[in-house]
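Please read the structure below before turning to the comments.
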Amino acid sequence: MQDLKVTLIQTSISWEKIGSNISMFDKKIDAIRDETDLIVLPEMFTTGFSMNAENLAQDMDGKPVEWLRNKSGSRQTDITGSMIIRENGKYYNRLLWAKPDGTLLYYDKRHLFRMTGEEKVYSGGDKTLT
């Protein structure tokens, strides 16, 4: 059985500054020298855990999603992390999983964090993954 090599990136995020965060994670990923099978980014890595979805949400064909897909391809490794996505007039805390071949998988968070009022801003996902 082959070992799975996972790289976790946990760092301070610039509050609601998508471009700054993408740039910072781009540099951190480029600095990884060891071979890795999967890079895991934080929840809402582009903005921090913000309730300002109306102003920060991205479409699935937006630049942050494109960056994730391209970075996975250039590094030849899977990369995952969540961001605020707008779809059909709703907002989701969506985990994206980019594969080196350009495939993009996703999962919408189902169990929203009530203590922060997440359920008042975001729609819960309706799929169960196993």
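Read-outs throughout are calculated quantities, based only on the coordinates presented, and are distinct from any laboratory measurement. All values reported here derive from a predicted model rather than from experimental measurement. Quick reminder, even Gly has a Cβ in these numbers, built from the backbone with ideal geometry, and neighbours come from all protein chains shown.
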List, please: which pairs have Cβ atoms under 8 Å, are six or more places apart or on different chains, and start with a residue in the stretch 97-116 that is farther than 17 Å from Ser82 by Cα and end with one that is of a type in the set (S, T, N, Q) and part of a loop (DSSP other than H, G, I, E, B)? Pro100/Gln76; Pro100/Thr77
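Quick check on my filter: what residues within the stretch 65-81 are surrounded by fewer than 22 Cβ atoms within 10 Å (Cβ to Cβ) and either over 18 Å from Glu43 (Cβ atoms) or not β-branched (Val, Ile, Thr) (or both)? Give the derivation first.
From the stretch 65-81, those surrounded by fewer than 22 Cβ atoms within 10 Å (Cβ to Cβ) are 65-67, 69-71, 73-78, 80-81; that's our starting set.
Selection gives Glu66, Trp67, Arg69, Asn70, Lys71, Gly73, Ser74, Arg75, Gln76, Thr77, Asp78, Gly81.
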Please enumerate the residues belonging to the stretch 55-87 that are basic (Lys, Arg) and in contact with a Phe, Trp or Tyr (Cβ under 7 Å, 6 or more places away or on another chain). none
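Within the stretch 72-95, does at least one residue satisfy the condition of being closer than 20 Å to Gln10 by Cα and assigned to a helix (DSSP H, G or I)?
First, the residues of the stretch 72-95 that are closer than 20 Å to Gln10 by Cα: 72, 75, 77-84, 93-95.
Still in the running and assigned to a helix (DSSP H, G or I): 72, 75.
Yes: one or more hits.
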Got a number for residues in the stretch 64-80 being under 16 Å from Lys17 (Cα atoms) and in contact (Cβ under 8 Å) with a residue 40 or more places away in the chain? 2
Would you check which residues across the stretch 7-24 are closer than 18 Å to Ser72 by Cβ and either in a loop (DSSP other than H, G, I, E, B) or in contact with a helix residue (DSSP H, G or I) (Cβ under 9 Å, 6 or more places away or on another chain) (or both) and list them? Thr7, Ile9, Asn21, Ile22
